[in-house]
Amino acid sequence: MMATATHRGGARSRATPVLSSEAAARLRARTQKSWERDCTWLSTERSAYRLIWPLVLIVATLLNMILAVDWQVGMASEEGRVIAFGLNKSQLVNAFVAIVLILSGRVLLILMADDPSRGVKASLGRVLGRILLVGLIGYSIWTATASVAGDLQETIDRGSAKTEAALSASRVAGTAGAMLSDANTAAQRARVDLETAQGQVVAARRALVQHVERSRQDYAGDPASIGWALNERAGLAKPYADRIKAAESEVIAARGRVTAAEQVANGMRQGVMDAETVYASKAQETGSKGKVIATMGTAIPSWLGGPLTASQIALAWGYAVAAMLELVCYAGAGASGRLLRETMNGYSETHDAAKERVEDKAQAALDGAGAASPAPAAKSRLYSRFDDDGEDAGPVDPSRRAMLMGGASQPPLGDVPPVDPEREEREAVGDAVAARQNADLIAGMVTDARNGNLEKASTPYLRDAHGLTNRQAKLVQAALIEEGLAMVAPGNRTVLT
Amino acid sequence: MNEDEARAFIRPIRREVWQWRLIYTVALVAIWNAAPVALG
């Protein structure tokens, strides 16, 4: 059933094509374009990474250096006169030692990463170098770990100090609150006392007024008795006046107590507000990095060695950062080594080796020519005759020539004038002598080409841009081809490979 | 260049770019964490 359906579907699609050939071509072109774009982008990305990497290495090394100095200065005695950078002599010495150790570690790493030298001495040197390198890497990791872990520990400590401060502020606020409540109660009591005293004053005055009225009625027409009754100093009115005075002094005392209690309450209220402000700020600060770091330690599962204490997590993270810094320097060491060798000693090495090869080749040609037999002379002939102007075009070893000529071991006969053995030998000797004389120049051009600093290998370019004679240009071309850096392209042009 | 050759051509470049991406990530994390300690 399914098979039938599939078959029918297939038949239908054959009958009406979904994709026209034009559409297919368009799609193919588009795919091709995007493929090219991807490749270009990849290549550009790689170039960017290679370009920026030395900067990253320098930054990583500088950081390593600062961390090591940090640690090493901390190891030194703090006593002594400050000489520079706020450091005393022993601290300066330690800082210098740290810089030297980190720098030599980096340099050694780079030098050893791309060291092609061979032999017992070189091997022994490499073994010693590796031992030294392990020590220096260990030093670098140790100091970076200690510094980073120390910094984290400080952050954690600050976090717990803040927590402590917040708790303390909270306690202060609680105490002040209780005291405020007491002060409020005292003020309330004082106010009640004041009211009572004020009431007593009013009652005493009213009693005096009633006494005066009653006396006026009782002793009407008897002024002496009235006078005695109304006398507040020594007469009948004295107890009333005393009561008023007592009540009034009680009012003053109560008013004083109210004021005092209110002052205390106000002070306590301010105290509570201050403590709450402190608490609020400290409580916010306690949600800090330190607390998070400390908490993260507890989140590490047991199968990963957890849970870790705050100090352990600080140390672990410090180690991780140090190891990553080290990895960065190690990973870039190979590339940096090649770069360094090229810039520092690569040129002269490459140049000397090329010069040696040119001279050896010339010497071999001269030796061959001196053997008097035309056959070896022809065999060791440096240059074959490609140019129709009679000048030598390019040096060839048979296999390379066979490759470039599409399998033919000799150049096409049509290009070559008839061979005269004696003339051939004379020219071979001339070429060899010229090559030996110009060995330095030839080696320089070969080295440039190897380093990508030679734009072209054509005779006009070598002649015009580098001031070579035609003969020198031919010799250089010969050497370039010999070294596999150039080839003879169709049309008898020498092009860089 | 046919497709196979093109793939063979781009493969090492692609591998290198991935290695660079990895090491740059590590470098970023390391420097990001070490810099505040060193400069702070």
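Readers should treat all values here as calculations from the given coordinates under stated rules, not as data from a laboratory. The structure presented is a predicted model; accordingly, all values stated were derived computationally and were not measured. Methodologically, a virtual Cβ is constructed for each residue, glycine included, from the backbone with ideal geometry; neighbour enumeration extends over all protein chains shown.
Loop-located trypsin sites (Lys or Arg not before Pro) in the range A:180-262 (DSSP state not H, G, I, E or B) with no more than 11 neighbouring Cβ atoms inside 10 Å: A:Arg233. Net charge around B:Trp18, counting only other residues with Cβ within less than 13 Å of its Cβ (Lys, Arg = +1; Asp, Glu = -1)? My count for the surroundings of B:Trp18 gives +3. Inter-chain neighbour count for B:19-32: the average number of beta-carbon atoms from partner chains within 10 Å of each residue's beta-carbon is 6. Taken about its Cα centre, the range A:157-304 carries a charge dipole of roughly 200 debye when the Cβ of each Lys and Arg holds +1 and the Cβ of each Asp and Glu holds -1. Note on the range A:184-227: Rg/Rh from Cα positions, Kirkwood definition for Rh, rounded to two decimals, is 1.39.
For the pair A:Phe96 and A:Glu22 in one chain, pulling the backbone fully straight at 0.36 nm per residue adds 19.4 nm over the alpha carbon distance. The range A:28-93 and the range A:306-335 have their alpha-carbon centroids 15 Å apart. Shape of the range A:119-162 from the C-alpha gyration tensor: prolate (a/c of 1.5 or more and a/b above b/c, with a ≥ b ≥ c the square roots of its eigenvalues).
Of B:Ala27, B:Val37, B:Phe9, which is farthest along the charge dipole of chain B in the positive direction, counting Lys and Arg as +1 and Asp and Glu as -1 at C-beta? The residue sitting farthest along the positive end of the dipole is B:Val37.
With R₀ set to 41 Å, the beta-carbon distance separating A:Trp142 from A:Asp440 gives a calculated FRET efficiency near 0.25.
The Cα-based radius of gyration and maximum Cα-Cα distance (Dmax) for chain B are 17.2, 56 Å.
Dividing the convex hull volume of the alpha-carbon atoms in the range A:413-497 by its residue count gives 102 Å³ per residue.
Where in the range B:1-30 does the label zone of A:Thr497 land, with the point 7 angstrom along Cα→C-beta and an amide N cut-off under 19 Å? The answer is B:9. Of the residues A:Leu441, A:Leu109, A:Leu194, the one with the fewest other Cβ atoms within 10 Å heads the list, and the complete ranking is A:Leu441, A:Leu194, A:Leu109. For the range A:157-304, rounded, prolate or oblate, judged on the Cα gyration tensor with a ≥ b ≥ c (square roots of eigenvalues), a/c < 1.5 rounded, else prolate if a/b > b/c? Since a/c reaches 1.5 and a/b is larger than b/c, the shape of the range A:157-304 is classed as prolate.
Based on C-alpha pairs under 8 angstrom that are at least 6 apart in sequence, the range A:198-295 has a relative contact order of 26 percent.
Distance from the alpha carbon centroid of the range A:150-185 to that of the range A:428-490 works out to 83 angstrom.
Counting only other residues whose beta carbon sits under 12 Å from that of A:Ala275, what net charge do I get with K and R as +1, D and E as -1? Once all neighbours under 12 Å are counted, the net charge is +1.
Among the residues of A:320-328, the average count of other protein chain beta-carbon atoms within 10 Å of the residue beta-carbon is 5. Overall shape: oblate for the range A:39-169, with the ratio a/c of the largest to smallest alpha carbon gyration tensor axis at 1.5 or above and b/c at least equal to a/b. For peptide A:220-230, the mean count of partner chain Cβ atoms within 10 Å of a residue's Cβ comes to 0.
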